[in-house]
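The values are calculated or read from the model by the stated rules, or taken from the named source; none is laboratory data. Please read these numbers as outputs of a predicted model, since none were measured by experiment. Neighbour counts are summed over all protein chains in view; Cβ atoms, including those assigned to glycine, are modelled from backbone coordinates with ideal geometry. Side chains are part of the model used for accessible areas, which takes the heavy atoms of the whole protein and leaves out ligands, DNA and RNA. Shrake-Rupley method; radii C 1.70, N 1.55, O 1.52, S 1.80 Å.
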Amino acid sequence: MEFVACNLCGSSRARLRFPSTLSRRRDQRPDFRCTSDGYGIHPPIVQCLECGLVYTNPRYEAVEIAETYRAMEDPLYVLEREGRVLTFERHLRPIERLLGPGRGRRLLDVGCHVGVFLEIAQAHGWEAWGVEPSRWAVEVARSRGLRVVEGTLREAAFPEAWFDVVTMWDVIEHLSDPMGELREIHRILKPGGWVVIHTMDIESPFARLLGPRWPWLMEMHLYYFSRRTLQHMLERAGFRFHHAAAEGRYLRLGYLATRVRALFPTLGALLSRLVRAARLERLPVYINLGDLFTAYACKPE
C-alpha cells in the first residue's frame, strides 16, 4: 500500500470519511472486474481538507493496480451486452445533440473494455478508436473488427491534436492519476475538441442518504468525484467546463437482481425468484438514482 497526496490540489491534509472494510473481503486478491459485486469493500476513503476531493488513501501501488487490470477477464460483461448497448446508445445521443453527427470525425474511448461504445459510435458515423489495458478485453474487441490499442492512454502515445472527442465511461474513478490522464487527453484533442466523462457523484442526495452503504464504495474505485471537484480538475487540466447532468444506465432485470442480492441478500433472493418466475430476466430497465453523472468540457481553440 502507498500513501498519496490529493490529485487535484496536491495537499496531504485530509480527514477520514469512510474507514477501511477490507477485512470483509472473501478473497485475498483485489476484484477489479466491471461486474464485481464487492460493494462496500474498500481501503480507507479520505476527503482533502483543502479542495474537497474524495479518494482512497493509503491504496495499492499504481504498478500493482496496472498489472491487475492488464490480467483482468470479465466474461459476465459480455453476457450483459443488451443493457450496455442501450446504455451507450443513450450516452451518445447528448454528444451528438451538442456536437452534431460523426461524419467521419475521430473519437477515442479511454478504457473501452470490449468495445461496445465503439461499435455504437462507429455505426453512427464516427471513426472510433479505443484504448484498453485488459489483454482479454482487447482480444474480444479486436475480434469484432474494432480499432483498439492495448495498454494505457500514455502508452498508446497518440499524435497531438488528433481526436475530435474523447470519452471515459466509468473509468476516471479507477485511475491512479486522473489529473495526468486529463492533461494527456488535452494534448491529443484538437482545439475545440470535447472530453466527455461519466462517473459517480459522491455528493449526490442518494450517496449522502446511504452513507457507508452507498454501493459504489468499492475496492476498485480510487477517486470519488462530485460535479464540483471534477469541474475543478477539468479546468486545472486546461479545459473549459460546459455542463454536467445526471445519467443512469440500462440493466437487464436478471442482472439487476444479482446486484441487489449482493447488497441485500434476502431482498435480492426474493427479486431473483420473482424475475425468474415471470420470465423477465432479459427485460431491460432504465435505472437513474441521480448518483451517476456525465460531464462535458472542451479544449479552447
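Is the C-alpha gyration tensor of region 151-301 telling us rounded, prolate or oblate? Criteria: a/c under 1.5 is rounded; beyond that, a/b larger than b/c is prolate, otherwise oblate.
prolate
Let me know the shape class of region 1-77, please: from the alpha-carbon gyration tensor, a ≥ b ≥ c as square roots of the eigenvalues, rounded when a/c is under 1.5, otherwise prolate if a/b is greater than b/c, or oblate. Can you show the working numbers first?
Values: a/c = 2.26, a/b = 1.73, b/c = 1.30.
Because a/c hits 1.5 or more and a/b exceeds b/c, region 1-77 counts as prolate.
How many percent of the accessible area of region 108-228 is carbon or sulfur, using a 1.4 Å probe?
After summing per-atom areas, the C and S share lands at 53 percent.
Identify the trypsin sites (Lys or Arg not before Pro) of region 142-193 meeting these criteria: DSSP loop state and at most 15 other C-beta atoms within 10 Å of the C-beta.
ARG144
So, for region 34-143, what is the accessible surface per residue at a probe of 1.4 Å, expressed in square angstrom?
On a per-residue basis, region 34-143 sits at 39 Å².
What does the convex hull of the alpha-carbon atoms of region 177-251 project to on average, in nm²? Please list the in-between numbers first.
Working: hull surface 24.5 nm².
For region 177-251, the mean projected area of the Cα convex hull comes to 6.1 nm².
Quick check: from the Cα gyration tensor, does region 109-231 come out rounded (a/c under 1.5), prolate or oblate?
prolate
Give the Rg/Rh ratio for region 65-104, taking Rg as the radius of gyration of the Cα atoms and Rh as the Kirkwood radius, to two decimals.
Expressed as Rg/Rh, it is 1.19.
With θ set to phi - 60°, apply the Karplus curve 6.51 cos²θ - 1.76 cosθ + 1.60 along region 276-289 and write out the HN-Hα couplings as whole Hz, x wherever there is a Gly or Pro.
Listing the rounded values in order: 5, 4, 8, 6, 10, 4, 8, 6, x, 10, 8, 10, 9, 9 Hz.
About the Cα centre of region 40-173, how large is the charge dipole given +1 on each Lys and Arg Cβ and -1 on each Asp and Glu Cβ? Please answer in debye to the nearest 20.
Details: 15 positive and 21 negative charges, 105 e Å.
In total the dipole reaches around 500 debye.
Based on the Cα atoms of the chain, what semi-axes does the equivalent ellipsoid have, where each is the square root of 5 times one gyration tensor eigenvalue, given in whole Å with the largest first?
The answer is 28, 25, 19 Å, longest axis first.
Taking the dipole about the Cα centre of region 1-145, with the C-beta of Lys and Arg at +1 and of Asp and Glu at -1, give me whichever of ALA71, TRP136, LEU118 is farthest to the positive side.
Farthest towards the positive end: LEU118.
Name the trypsin sites (Lys or Arg not before Pro) in region 28-129 that are in a loop by DSSP and that have at most 11 other C-beta atoms within 10 Å, would you?
Listed in order of number, the matching sites are ARG103.
Grab the other residues whose beta carbon is less than 12 angstrom from that of TYR286, score K and R as +1, D and E as -1, and report the net.
+1
Can you grab the distance from the C-alpha centre of region 261-282 to the C-alpha centre of region 132-176, Å, no decimals?
Distance between centres, Cα-based: 35 Å.
Restrict the search to region 128-178; then list the GluC sites (Glu not before Pro) that DSSP places in a loop and that have at most 16 other Cβ atoms within 10 Å of their Cβ. The partial results should precede the final answer.
Numbers: sites: GLU139, GLU150, GLU155, GLU160, GLU173; in loops: GLU160.
Sites meeting the loop and neighbour criteria: GLU160.
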